[in-house]
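Just below is one structure, and these are the notes that go with it.
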Amino acid sequence: LRAADVVPALLLLSAVGCLCNPDAKRLYDDLLSNYNRLIRPVSNNTDTVLVKLGLRLSQLIELNLKDQILTTNVWLEHEWADHKFIWEPLEYGGVKELYVPSEHIWLPDIVLYNNADGEYVVTTMTKAVLHYSGKVMWTPPAIFKSSCEIDVRYFPFDQQTCFMKFGSWSYDGNQINLKHIGQLVGTNKVDVGIDLSAYYPSVEWDILGVPAERREKYYSCCAEPYIDIFFNITLRRRTLFYTVNLIVPCVGISYLSVLVFYLPADSKEKISLCITILLS
């Protein structure tokens with residue numbers, strides 16, 4: 001096909017694509033025409049926004065023992081209600097969900113408190129899902145580097161426990177009530193606090209546990225609580241590599257060193273054996 005024929009065809013397809021879902025476009029215009037994304041989605045200023053937070057671990061990229069930094073690839077699940085996004089599906093051609101750019105709506109300013117590289121917030125702004133009931137779901141991907149206290153006393157048979165602490169940077173607990181997405185009524189702890197359904201296994205570490213806990217903290221300056229969620233990750237090192245390449249050779253060299261004492265004192269082979277063991 002000639003370029004002169006292809007360009008008009010593409011323009012025609014674009015025009016048809018814009019007209020294929022007029023109900024969604026009309027809904028988008030109605031919802032966001034007078035919407036202010038800088039204001040909390042509450043009817044009264046004293047109301048609290050309930051934000052549910054979840055963490056889905058995709059990959060354990062690295063645990064740097066020297067710098068004490070855990071690098072993870074995660075999906076950060078946000079869920080809250082916005083009364084301005086309630087509509088009747090029958091009035092919009094049966095549309096029950098609408099995907100909108102997250103930059104166009106209010107977002108909770110959830111950050112990683114124990115960040116280790118300067119990237120406190122999510123940098124990839126994916127689309128958010130609006131439900132006709134007013135529920136908003138936003139699950140952006142992120143690569144976080146979090147500080148982790150490392151203990152290598154029992155290397156290579158060591159276990160490490162790291163955590164990721166998330167909370168709102170600007171709002172106190174009276175403005176944003178932060179809860180774990182799987183938290184039950186009457187408890188602040190979740191036994192399986194990180195979703196591992198899409199986890200790509202690490203070649204160096206096994207995951208033993210991923211509990212989570214919601215915490216409230218009061219400071220001397222303020223009467224309001226400040227809420228955060230701790231996602232804990234307990235790791236156990238896979239020891240086969242170190243056993244084959246480190247422990248077994250060391251034990252073998254130690255055993256050969258003992259055999260030197262069974263040789264006669266005036267034997268020249270004694271010196272040769274010592275040098276050979278040292279070089280090995």
Members of segment 65-78 found to be surrounded by 19 or more Cβ atoms within 10 Å (Cβ to Cβ) and under 20 Å from Ser197 (Cβ atoms), listed by number:
Thr72, Val74, Leu76, His78
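Can you say whether Leu57 is in contact with a Phe, Trp or Tyr (Cβ under 7 Å, 6 or more places away or on another chain) and either under 29 Å from Phe155 (Cα atoms) or assigned to a strand (DSSP E or B) (or both), as far as the supplied structure shows?
yes
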Inter-residue pairs, beta-carbon under 9 Å, first in a loop (DSSP other than H, G, I, E, B) and in segment 200-212, second small (Gly, Ala, Ser), 6+ apart:
Val210/Gly193; Pro211/Gly193
Are there any pairs with C-beta distances below 9 angstrom linking a residue in segment 23-36 that is touching a residue at least 40 places away in the same chain (Cβ under 8 Å) and assigned by TED's automatic domain parsing to the domain that holds Glu97 to a residue that is of a type in the set (Ser, Thr, Tyr) and part of a helix (DSSP H, G or I), with the two at least 6 apart or on different chains, and if so which?
Asp23/Tyr92; Ala24/Tyr92; Arg26/Tyr92; Leu27/Tyr92; Asp30/Tyr92
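The values are calculated or read from the model by the stated rules, or taken from the named source; none is laboratory data. If you're wondering where the values come from, they're calculated on a predicted model, not measured in any experiment. Cβ coordinates were reconstructed from backbone atoms using ideal geometry, including for glycine residues, and neighbour counts include every protein chain displayed.
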